[in-house]
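A short reminder: the numbers here are calculations on the coordinates, not readings from a lab. Note that the structure is a prediction, hence the values are computed from the model and not measured.
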Amino acid sequence: MVTRSDILVLGLTAGVVGSLVGGLMLYAGLALVLNGNHAGWIIALPAAPAGGGLGLLLARKLAKQV
């Protein structure tokens, strides 16, 4: 049975991990773009979906416990 604390931990973990991964990808991509390497857009553009995808994976893991 999933408890309220499990859902709280899921939300906090997904938020922190998603922010870190998305933020680092965005930083690395934009740093490359500002230095003249336009291939950095390949890293910068999927930053938000990559961070959200980690939250989705964590939620599926929790859903398997039900």
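For segment 4-54, the Kirkwood radius over C-alpha pairs fed into Stokes-Einstein at 37 °C and 0.692 mPa s yields D = 286 µm² per second.
Calculated [222 nm] ellipticity per residue, helices only, for the chain: -26500 deg cm²/dmol; basis is -39500 (n - 2.57) per DSSP H run with n ≥ 4, divided by all residues, nearest 500.
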